[in-house]
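Below: the structure, in structure tokens.
Taken together, the values in this text are just the output of simple stated rules run on the coordinates, not laboratory data. As the structure is a computational prediction, the values presented were derived from the model and not from experiment. So basically every Cβ, Gly included, is an ideal-geometry build from the backbone, and we count neighbours across all protein chains shown.
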Amino acid sequence: MKKGDKVRFLSEIGGGIVSGFQGKNIVLVEDEDGFEIPMAINDVVVIGEEDYSTAHVVSAKASSERKDVSDGKSIKAKIHEGQELIEEFQDNDDEIDYSKVTFRKPVEERKGGNQLSAYLAFVPIDIKEVSQTRFECFFVNDSNYFMSYSYLMAEGNSWTLRSHGEVEPNTKEFIEEFGREDLNELGHIAIQMIAYKKDKPFILKPAVNVEFRVDAVKFYKLHTFEENDFFEQPALLYTIIENDKVPRPLVIDAKQLKAEMYSNGKDDVDNSQKKTVAKPILKRVGDDDVVVVDLHADSLLDTTAGMSPVDILNYQMEKFRKTLADYAGKKGQRIVFIHGKGEGVLRRALINDLNYRFKQYSYQDASFREYGYGATQVTIK
């Protein structure tokens, strides 16, 4: 076999003229389109002019009968057609609506992340110029749950929605950027939040509604911003919920608390100096034993002299928690806590504890006929 010999292929249809060699085992065969095809030497056979023409006739007939093997086109022609198809796909790529692609990477959950933890973070853009820098606000979701949140600010007695959205598990989301001229608007903030998982069962978590006050003075002090696990730079963190518990009580209105605590007293009595005899816990005996605890300040304290409204509230809450702890082992025990009329601060603090600290117990409004409109009944479970 030498250059110029006419050959045909043994293992597939086709042939041509020998145009050269590659090593000892490869021969280059040029087909009728001028395309060189490398073939193993033992896979080609030298033929005469007549045999080569016959081979082409046989090849044409075979290609028409065996469309699954070849359509009669040369390799060079097929490569050209393939290039045209690629260019056509690239031209149509801009017309593809990728928003309809539904694939989502599965959420990666971490150990211990099934307890809700979330924070509101204020991060200085330039910590070295803390007295002049602007700040960024983030919602941090440190749990395996999706969180849908609303970020609100108070304007007097009304509220304004500043931002809302959904934060994926174990991520943080940018809310807004602000400067020192905006600090006065940040004084009273509320976060409302619900948590859930997607495409899998999960333990239902209670909705969260937290209010807190932001001290503008803190934004002028370098030590306010501390190292943390969520940002490379120091940040000021406010806890929304941590390990399924809301550590921050509702915002306390001291004037409202004082008015409610002494709503049953006379205007001309100096309640801050009033001395009373502490009343014992009452227990009603009958078909249903009910423990009755009066949480009014004048029932718990001999005097409130020197105590702030917050001190009094803390004392009342200690009494509430100690009572529940004392009866924790008595399933079915009913305890009525008398806290006063209306939707007062003390009642809200009790309900907050029952929703998060003592959520294993059930509660309801106590009998209006027996206790009026200012009592809550708790049942030990």
Legend entry - Charge context of R110, other residues only, Cβ under 14 angstrom, K/R +1, D/E -1: -3
Inset, instruction - Treat each spin label as a single point 7 Å out from the Cα along the C-beta direction, and report the E185 to A216 distance in nm. - result: 1.3
